[in-house]
Each structure stands twice: as C-alpha cells, then as structure tokens.
Amino acid sequence: MRSTRRIFLQIAAAGLIGGAAKAKASGQEPVERTSNRRLHFVQIDVFASNRLEGNQLAVFTDARGLSDTEMQNIAREVNFQETTFVLPRPATIEREQGVSVRIFTPNEETPFGGHPTLGTAMVLRNRLASDAHGAAAMSKIVLDLKVGKIPVTFTRDAEGQLFGEMQQVDPVFGKIHDRATVADLLGVKPTDISDAAPIQTVSTGLPFVIVLLNSLDVLKTLQPRQEKIQAYFAAESTSTDFFYVTRDARDAKVGLRARGIDSLGEDPATGSASGCAVSWLVRYGLQNSAETLHIEQGVEMQRPSHIYARAEKHGDKITNVRVGGHAVEVAEGEYAL
C-alpha cells in the first residue's frame with residue numbers, strides 16, 4: 001500500500017511539474033486567482049471579561065457593496081451564532097439615525113440580537129477611541145437595526161474595564177403556555193417548573209418563552225425534545241424559542257442561571273432573551289424594579305458568560321430594559337471575495 005501511494009505521488013508531482021513546464025514553454029504563466037475585495041472583520045467574545053469565553057461574534061466593519069446573498073453566505077461560512085455587517089453612512093446621517101447594522105445567523109437575517117448589538121457597538125467604539133481624532137471619552141453609540149434604534153452606553157467598571165449596556169425596546173407580553181404541555185416538551189415533570197409566575201412569551205425585539213425551573217440540577221441536565229418543540233412553535237408568525245432559567249444559582253454573586261437551547265444547538269449568551277427574562281421577572285414581582293440582575297449562561301458548554309440586566313416597572317408597564325456586559329476582541333483579519 002505504501003509503495004503504491006509513493007508511486008501515485010511521484011506521478012502526480014511529475015504531472016504538476018510537467019504542466020508548469022509546458023505553460024512556461026508556451027509563454028503562459030500559471031493563473032493565480034486574486035480578489036479586489038478585501039473585507040475587514042473583528043472577532044470579539046461578548047458577555048465575557050476573558051478571551052475564549054462568552055459568545056463569539058464576527059463584525060464586518062464595512063460591508064458596503066455586499067449583496068444580501070453575500071452577507072448570508074459569509075455568515076454561513078463564519079458559522080457563529082450571529083455575524084454582523086456594518087454599513088457606514090455619512091457622519092451627519094449617523095448622528096441622526098445611528099450606525100446601520102445588519103445581523104445574520106448562519107441560516108437567516110434576524111432583526112435583533114443581544115450579543116451582536118453589544119459586540120458590534122464595542123468594536124465600533126474601540127475603533128473610534130483608537131483614532132487620534134476619535135472619541136476617547138465616547139459614551140454612547142446608537143445602532144440602527146431592523147428592530148429600530150438601539151443605544152449602547154459605555155462606562156468603566158470598578159476595575160477600569162469597559163462596560164457596555166444596551167437599551168432594548170419595551171417588552172411585549174404575549175401568549176401564556178400550559179405548564180404540563182411545556183414539561184412534556186422539555187422531558188421534565190410539571191413540578192420541575194416553578195408556578196411562581198405564568199410561562200409566557202415575551203419579546204424585546206425577539207420572542208422567547210421564559211421557563212423558570214425550580215432547581216439547577218434540572219437546568220444542567222435538561223434535554224429538550226427539539227422536534228416536538230419545533231412542531232409546537234410551527235404556527236408562530238415569528239421564530240420563537242424557550243429560554244430556561246433558575247434562581248437556584250448556588251452562587252451569591254449570581255441571581256439567575258440560564259441556558260439557551262434550540263434546534264441548532266446551545267447559545268453561550270442570549271442577550272435578547274435576558275432582556276425578556278428580566279422584564280418577565282420584574283412584571284411578576286420576582287425581581288425588584290431597576291435592580292441589576294446578574295445572569296450566568298454558557299457554563300454547561302464551557303463558554304461562561306456574564307450578563308447584567310435590569311428593567312423598571314411603572315404601574316402595569318415594564319420599560320427601560322437594559323442589558324449589558326463586557327466584551328474582549330480576540331482576532332482581526334480580512335475576507336477576500
């Protein structure tokens with residue numbers, strides 16, 4: 001077998017050399033494909049203070065000229081939970097309308113996402129701060145997303161690390177789901193799901209059904225029945241997923257442990273769902289109005305993420321939903337198309 005393989009490689013090498021020699025003899029140079037389009041990107045780990053934790057994001061800082069199909073194909077090539085594309089506009093327009101950004105999963109464009117919003121704003125802010133004429137004291141960037149304008153404010157925490165916080169759109173509370181039905185979809189007992197508040201769909205840009213589990217043990221061993229869940233949500237007009245949380249965090253510094261699991265896998269940090277969760281908790285009196293909730297996610301998949309969320313209650317209305325955290329750049333480069 002080894003002898004046959006050696007002969008094959010020798011023949012192949014001779015063919016390549018011979019082909020090159022013939023091309024040279026005929027005055028033809030071997031064709032080398034080049035690209036005139038170079039697309040700069042930054043990879044950043046979001047909702048994390050340490051590299052190689054949190055939720056990965058690729059940010060293409062100037063996507064002007066890309067078609068919808070090209071953006072989708074690049075997002076599929078990157079294969080992160082989301083990839084964002086910044087479409088720069090004149091400074092006067094960006095001051096009035098915000099920075100235009102589009103968000104793609106590997107399969108489709110999405111109007112909003114928590115970690116794409118925070119991560120993209122961080123990347124833009126880092127670039128401005130490094131510019132000699134930029135804003136070292138830049139305190140806010142507004143992103144113009146499909147869901148609307150989302151402001152992201154920046155401060156320094158007690159350790160001097162940059163902290164970003166987005167203001168999500170006010171929550172919309174939707175359908176209430178039967179506890180026994182949901183338990184069957186998750187493969188757990190109805191008594192494993194808290195009865196402290198109804199199981200309800202909530203959206204601050206993307207809809208999630210908040211499921212409050214009674215114990216961390218149930219959360220950690222959860223194996224949702226994804227085919228049945230997909231069939232359950234098939235009639236929804238907008239893609240909807242469950243978001244699993246428990247207050248049994250077993251860590252005095254953490255108020256909520258969470259997992260985001262869908263048919264494509266598990267999400268290390270779901271900022272959009274975190275806004276829904278804190279809104280739901282505040283509405284039903286399980287979290288104090290305006291008090292920051294520390295949510296830990298991604299532990300089970302070795303991508304620990306730390307999300308800080310708060311919301312305010314005024315009468316029956318929940319507003320001023322804020323979701324924030326840290327983010328760390330890990331790579332930078334170019335795509336050639």
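No value in this document is a laboratory result; all are computed from the given coordinates. In this text, all values refer to a predicted model and were calculated from it rather than measured experimentally. Cβ atoms come from the backbone with ideal geometry, glycine included; neighbour counts cover every protein chain shown.
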From the C-alpha gyration tensor of region 94-246, square roots of 5λ in Å: 37, 18, 13
Relative to the longest principal Cα axis of the chain, at what angle does helix 2-25 sit, 0 to 90 degrees, rounded to 10? 70
For region 172-320, size of Cβ-based charge dipole, Lys and Arg +1, Asp and Glu -1, in debye: 240
Sorted largest first, extent of region 172-320 alpha carbons per principal axis (Å): 38, 33, 27
Excluding residues fewer than 8 positions from residue 317 in its own chain, the aspartates and glutamates with Cα under 17 Å of it are 170, 291
If every Lys and Arg gets +1 and every Asp and Glu gets -1 at its Cβ, then about the Cα centre the chain yields a dipole, in debye to the nearest 20, of 740
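Give me the percent of Cα-Cα pairs in the chain that sit more than 25 Å apart, rounded to a whole number.
Percent of Cα pairs beyond 25 Å in the chain: 56.
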Gained length - residue 263 relative to residue 38, 0.36 nm times residue gap less alpha-carbon distance: 77.6 nm
Virtual spin-label span in nm between residue 329 and residue 317, 7 Å along Cα→Cβ: 4.0
What distance in nm separates the simple spin-label points at residue 162 and residue 290, each placed 7 Å from Cα in the Cβ direction? 2.9
Förster radius 30 Å - calculated FRET efficiency between residue 126 and residue 89 (Cβ-Cβ, nearest 0.05): 0.95
For residue 248 and residue 302, FRET efficiency with R0 = 22 Å and r from the beta-carbon atoms, rounded to 0.05? 0.60
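Which percent, nearest 5, of DSSP beta bridges in region 211-320 are antiparallel? Numbers along the way, then the final one.
Working: 14 of 20 bridges.
Taking every DSSP beta bridge with both residues in region 211-320, the antiparallel ones total about 70 percent.
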Less than 30 Å apart at the alpha-carbon level, and either on another chain or at least 8 residues along: which lysines does that give for residue 220? 175, 189, 228, 253
To the nearest 0.05, the calculated FRET efficiency linking residue 170 and residue 336 through their beta-carbon distance, R0 being 41 Å, is 0.45
All alpha-carbon distances of region 53-154, grouped into 5 Å bins from 0, give the whole-percent distribution 2, 13, 24, 26, 19, 10, 5, 1
